[in-house]
Each structure stands twice: as C-alpha cells, then as structure tokens.
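Peer 1: Sending over a structure as structure tokens; questions will come in a sec.
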Amino acid sequence: MNKYTSFLFGGLALISVFSCGQKAEEKAEGRPNIIFIMSDDHAYQAISAYDNTLIETPNIDRIAEMGMLFTQASVTNSICAPSRATILTGKHSHMNGKIDNLFPFDTTNVTFPQLFQDAGYQTAMFGKLHFGNNPKGFDQFKILPGQGSYYNPDFITKNEGEIKVEGYVTDIITDMTLDWLSNERNPEEPFMLMYLHKAPHRAWLMAERHMDEYTNKTFSQPATLFDDYSGRTKAAGEAEMNIFDHMSWGGDHKISPAVMDEIGLPEIGGDKRRYENYTARMNPEQKANFDKAYSKIEEDLKKTYPSMTDEEIMSWKYNRYMQDYLGTIASVDENVGRLLDYLEANDMMDNTIIVYTSDQGFYLGEHGWFDKRFVYDESFKTPLLVAWPGKVKPGTRSDALVQNLDFAQTFLDAAGIEAPSDMQGESMVPLLTGHEDQWDRDAVYYHYYEYPAEHMVNRHYAIITQDYKLIHYYYVEDEWELIDRKKDPLELKNVYDDPAYAEIRADLHKHLDGLREKYQDSQELSDSFIQRYMERGGDDRAFGVHRQTKAEIFERRRKVEEGVK
Ligand code: SGN
Ligand code: CA
C-alpha cells in the first residue's frame, strides 16, 4: 500500500466509523475484539468437535460449543504462506501475488490488520507468519523466522530484534500472547489479535510432557490409506507425499541416523540431516527426554523391521505419523485452553470474536498421504470455529461454502470498518448471526501453483459446489477431473468422461469460466506465474532436486507408470 492509498483507506475507515452521529457512536462503543487463532496444518479430522476418532480436543471444542462450526470451510490455495496472504488481503493468490511459499509477500497489498490499526484498534501478532518479511499494521509482533523451530525457537520481534526463547514453541507463543493481553494492551480500546501456532507442522515434534503418552498410542486407519490412485488423472499418483514412499525414517519417524544405519533403513530426502538439525536445537534435558521416549520405538523397530511386509511398514509409518502429529496437537489444545481461561477469568468473552482455524487442512493418511496442496477435501477444507457470545448462537453448525478469502471482510464488517472494494470475499456476519437467507454463494474457486516443487502436486484450479468438483490440472498437460462429492465422498473416481455426467460437466465448465472471470483469473496470468517461476530456476529449497523441466517431469511420470520408485 502506498502512502496515498494508506491515507485513503485509513480515511475511509474513519469516515465509516465516525460519519453518522448516533449510529457511529454505538458502533464505536460496541466494537468487538477479534482473536484469530490459527494453527499450521491442523486437519479438521484432528479436532473432536468435527470427529473424535483420533483425538479429543476439549478446549478447541469449547469454541464450537460457544459458537458456530463450519463443515464446508475451505481455502483458495492449500499451502501455508499463500493462505495467510489470502486471509490478510481478502484476495485470491493471483490478485495478491502470493501464489506459493517461494516468492515473498508483496507488502504493497492492503491487509485487514492495517485497516484495523487505522481505525484505532490495537493490533498484535504472535507466532508463525512465513512471509519472508515482517507484517504491517501491527503495534506489536513476535514472529517465527520462516517455518520456525519447535524447541528453543528464535523470534523476530518488533521491538527487541531477533531473540531466542528457551522452551517449547506452542507454550511460548501462548506466553507471549497472554503477556500482551495482560501487560501491554489498553483495556479501554478494542483489539485485533493474531495468535498463530507453528504446530502441528512437520516434523511434528511434540512437547516433552506428551511424549510418553502419545508414542504409545495406536490409531485407527482411514479407509483410503492404501489408495492405488487408479480411476483419477495422473496427478494423484505422481505426488510425492505418500506415507510409505516419502515419509522418512529419520526426519519424520525420529529414528536416529545411527539406528537407521544399524537396521539398514533407506534415507529419504536428506532426512538424517533434518533429524540432526532439530535435535541439535534441544537442550540436554529436552534431548534426554526425547531419547527416552523414542529409543523405545527404535528398540522395537530393530526387532520387527526385518520381517515386516510393505503393508505392515505402511501401517507402522501411519501410526508413528499419527502419534507425533496428534502429540503436537495435545499442546495446541492445552494452550488454547489457557487463552480461553484467561478470557473467562477477565470477563472478556462478551464482545470478543474468537476464531479457530488452520492455514489449510491436511491428509492424515487419506489417499495414503501426508501434507496438503490438493483440492481433495482433507486439504481443501479447513477447520473453522467461530464464537461471538451474544451474536452467534451456541452450538450451531453451518454447511455454507465459506473460505479463508472471506475472513478479512467478515472481521471488517463485524468491527464496522469499510472493506476496500477490491477485496474478493464476502462477510460471513449474516451466516454467523442467523441470517443465512442473505448468503447465496453456490460455488467457490481454488487455484494451487507450487509445482514442480516438494511433494510434486501438479498445478490445478477448480470449481467446488456442494455436489461436485471440476478440477483442471494444467501444467504438464491438460487433465480434467470431475468428482461427484455426494456419491463419491472419498473422492476416488473421476467421472469427467462418463456420459451420464455430460450435462453436469457442461454446466460446471460454464460456472467455472464465470468464476474465473469474476475473480479475474486467466490462463495468461497462470502462464506468467510459470514463467516467473522458471526464470527463478524453480524451487531449489527442497534438497535441490526440484528444478525440473517438463521433459524431466515426463520422465518421472514414465517411471511412475512403469512402477519404478
Ligand atoms: C516444509 C515441509 C513440507 C511442507 C512445506 C510447506 N518439509 O518444506 O513437507 O509441505 O514445508 O509447508 S520439511 O521436511 O522441511 O518439514 S507449509 O505449511 O509451510 O506450506
Ligand atoms: Ca501450513
């Protein structure tokens, strides 16, 4: 945002709050606080308000009990930094320019926190941002550099430069948040607070206090853990996020390099180095607790591995994945509880909007996967719980097609601040306050870009309605997929060429064209992003193997088809 637009938007915000006498005063008086809680890669399958098969999250569930749970909330681009950019700008990736994790966020974008700050709100951000630059519009911030570390993390702070804090990241981010609420905030003025966890992001390092319990748990498997990727386009089979093939013994499963060598476990994607890196951050006491919990697993594996079948290895890896992933969520839930307790104890629940969400969903073994990126439900959808005592009826659910694109306008609307006309979402306030008749969206738009890159999920865009998904994988060649969401909830079958769907397919194509026009996306824009990406030399972060040309991708595809791993 340049000075002129900053002045203009600031001015608009002030006009909207103060222009019309009595009404403006009421609004100013009643301006709600906003607490935006977001975790990184938190699958809705791992929140008991959605599904308690895997874990109980009693504190996160409190938000659902106080407010509304959205069953069809989704993201516009299922990856970290682009999702955060969409949330802050209220614009699709192709409009705010943050299409992937690679290119830094364009700070000339107008973000909703800037508008809140201009309108007199106190603003603060703690935790993971992942933008490659500092957030604008915050009175206070303490953010993790890039992905951040689980143990003894560094923080980039607004006032103290870079600091290292001893302890476990989820606890520390909460300490910082509570400290700001108690000691820095002016209780007379409203605030907008972003409380952003690193957990449960890979490499899923849980707090010491949860290690014993979680490394001994056994979890039930999803129906599609052994998906063979037939029946769809090539994209699903080509992705490199299969638990059996791509989840690593060292970096992910915490088998030490020495034990990997002893058993003869193959290294996957430089994972010995990743193990060394994160254990090196632990102090001697933390490392001793870690070793104590994980050496039991190593001892066990030494005995069982030699006779394990591939199927048994897959099951073992899935269970190990769930132990660590869910172990990190145990502390997220505890810490959300600490925050809610604080709000209750200080009489702050009234007139505070509390949102719990994730930057996207995550695969917990569905389709054999971990990670995200695809438009298939588990990563396209994201958890969304919203409490607003007195405004949102407790314990309610909504199946509306809302997106992270809508958050900015929702918060601005709730606070009585004018949203810039080029934001692309819709305010969810009518849905939250029982006026669903004022909500008429029947489809949402999705576009994922980061390819070729880690996990190798092809570029694709899609239209999603309550009943169908029409997906276009377009980078290497044109591949279309049509999923019948009602008849095929596990999303295993492409019916694009099934004559029974000819009419539906034609309708969806028309509707998709309309959405692309509405949101101003186009093939030319996509091509220009590809060109920029290739000029940069692709994605060299992930072990230097992802600078692939189309010819190399075809070669890789040929090998997949021939069954060569
Ligand atoms: C890291 C992870 C990936 C993950 C990306 C993006 N690899 O590179 O598995 O997809 O982050 O995640 S790791 O071995 O380095 O952990 S995101 O949430 O930031 O988008
Ligand atoms: Ca993420």
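The values are calculated or read from the model by the stated rules, or taken from the named source; none is laboratory data. Note that the structure is predicted; figures quoted are calculated from it, not measured. Positions of Cβ are generated from backbone atoms using ideal geometry, with glycine treated the same way; all protein chains shown enter the neighbour counts. All accessible areas refer to the heavy atoms of the entire protein, side chains included, with ligands and DNA or RNA removed. Shrake-Rupley method; radii C 1.70, N 1.55, O 1.52, S 1.80 Å.
Peer 1: Inside the stretch 153-198, can you point out the residues that are of a type in the set (A, V, I, L, M) and farther than 21 Å from I353 by Cβ? Please lay out each step first, then the result.
Peer 2: From the stretch 153-198, those of a type in the set (A, V, I, L, M) are 156, 163, 165, 169, 172-173, 176, 178, 181, 192-194, 196; that's our starting set.
Within the stretch 153-198, I156, I163, V165, V169, I172 qualify.
Peer 1: If you scan the stretch 301-314, which residues turn out to be surrounded by fewer than 20 Cβ atoms within 10 Å (Cβ to Cβ) and either touching a residue at least 60 places away in the same chain (Cβ under 8 Å) or farther than 14 Å from W249 by Cα (or both)?
Peer 2: Applying the first criterion (surrounded by fewer than 20 Cβ atoms within 10 Å (Cβ to Cβ)) to the stretch 301-314 yields 302-313.
Within the stretch 301-314, K303, T304, P306, S307, M308, T309, D310, E311, E312, I313 qualify.
Peer 1: Look at G237 and say whether it is away from ligand 1 (no atom under 15 Å from the Cβ) and within 29 Å of the chain's Cα centre (by Cα). Walk me through it before giving the result.
Peer 2: Working: away from ligand 1 (no atom under 15 Å from the Cβ): yes; within 29 Å of the chain's Cα centre (by Cα): yes.
When the stated conditions are applied, G237 passes them.
Peer 1: Determine which member of the set A64, A81, A85 is more than 16 Å from ligand 1 (Cβ to nearest atom) and surrounded by 24 or more Cβ atoms within 10 Å (Cβ to Cβ). Walk me through it before giving the result.
Peer 2: Working: A81 fails: more than 16 Å from ligand 1 (Cβ to nearest atom); A85 fails: more than 16 Å from ligand 1 (Cβ to nearest atom).
Answer to the selection: A64.
Peer 1: Take the residues in the stretch 442-458 that are open to solvent by less than 10 Å² (accessible area, probe 1.4 Å) and modelled with pLDDT of 95 or more; name whichever of them is farthest from ligand 1 (Cβ to nearest atom).
Peer 2: Ranking the candidates gives A443 first.
Peer 1: Here is a list of conditions, (1) open to solvent by less than 10 Å² (accessible area, probe 1.4 Å); (2) of a type in the set (G, A, S); (3) closer than 30 Å to E298 by Cβ, and G361 meets all of them except one; can you say which number that is?
Peer 2: (3)
Peer 1: Select from the stretch 370-400 the residues that are polar (S, T, N, Q) and more than 16 Å from ligand 1 (Cβ to nearest atom) and write down the one among them that is least open to solvent (accessible area, probe 1.4 Å).
Peer 2: Going residue by residue through the stretch 370-400, those that are polar (S, T, N, Q) are 379, 382, 396, 398.
Checking the rest, the ones that are also more than 16 Å from ligand 1 (Cβ to nearest atom) come to 396, 398.
Details: T396: 32, S398: 13 Å².
Applying the filter and picking the extreme gives S398.
Peer 1: Can you tell which of D212, D179 is open to solvent by 20 Å² or more (accessible area, probe 1.4 Å) and within 30 Å of D300 (Cα to Cα)?
Peer 2: From the options D212, D179, the qualifying one is D212.
Peer 1: What do you reckon, is T107 open to solvent by 30 Å² or more (accessible area, probe 1.4 Å) and either at positive phi or among the hydroxyl-bearing types (S, T, Y) (or both)? Step through it out loud before you land on a result.
Peer 2: Numbers: open to solvent by 30 Å² or more (accessible area, probe 1.4 Å): yes; either at positive phi or among the hydroxyl-bearing types (S, T, Y) (or both): yes.
For T107, the condition - open to solvent by 30 Å² or more (accessible area, probe 1.4 Å) and either at positive phi or among the hydroxyl-bearing types (S, T, Y) (or both) - is met.
Peer 1: Right, here's the next one. Scan the stretch 401-415 and tell me whether some residue there is open to solvent by 10 Å² or more (accessible area, probe 1.4 Å), in a loop (DSSP other than H, G, I, E, B) and either away from ligand 2 (no atom under 16 Å from the Cβ) or under 24 Å from M247 (Cα atoms) (or both).
Peer 2: No, there is no match, as no residue in the stretch 401-415 is open to solvent by 10 Å² or more (accessible area, probe 1.4 Å), in a loop (DSSP other than H, G, I, E, B) and either away from ligand 2 (no atom under 16 Å from the Cβ) or under 24 Å from M247 (Cα atoms) (or both).
Peer 1: Then there is this: Within the stretch 416-441, how many residues are assigned to a helix (DSSP H, G or I) and open to solvent by 10 Å² or more (accessible area, probe 1.4 Å)? It would help to see each step written out before you state the result.
Peer 2: Initial filter on the stretch 416-441 (assigned to a helix (DSSP H, G or I)): 429-432, 436-438.
Filter once more, so that each one left must be open to solvent by 10 Å² or more (accessible area, probe 1.4 Å): 429-430, 436-438.
Residues that pass the stated criteria total 5.
Peer 1: For the stretch 246-299, name all the residues that are of a type in the set (A, V, I, L, M), assigned to a helix (DSSP H, G or I) and open to solvent by 30 Å² or more (accessible area, probe 1.4 Å).
Peer 2: Filtering the stretch 246-299 down to residues of a type in the set (A, V, I, L, M) leaves 247, 255, 258-260, 263, 265, 268, 280, 282, 288, 293, 297.
If we keep only those that are assigned to a helix (DSSP H, G or I) too, we end up with 258-260, 263, 280, 288, 293, 297.
Within the stretch 246-299, A258, I263, A280, A288 meet the criteria.
Peer 1: Condition first: open to solvent by 60 Å² or more (accessible area, probe 1.4 Å) and in contact (Cβ under 8 Å) with a residue 24 or more places away in the chain. Now tell me which residues in the stretch 524-540 satisfy that.
Peer 2: R532, R536
Peer 1: Please enumerate the residues belonging to the stretch 343-369 that are within 16 Å of ligand 1 (Cβ to nearest atom) and touching a strand residue (DSSP E or B) at 6+ places or on another chain (Cβ under 8 Å).
Peer 2: T357, S358, D359, G361, Y363, G368, W369, listed by residue number.
Peer 1: I'd like to know if the stretch 324-336 contains one or more residues that are on the phi > 0 side of the Ramachandran plot, over 16 Å from the mean Cα position of the chain (by Cα) and either buried (at least 19 other Cβ atoms within 10 Å of the Cβ) or in contact (Cβ under 8 Å) with a residue 12 or more places away in the chain (or both). If you could, list the steps in order and put the result at the bottom.
Peer 2: Taking the stretch 324-336 and keeping what is on the phi > 0 side of the Ramachandran plot, we get none.
No.
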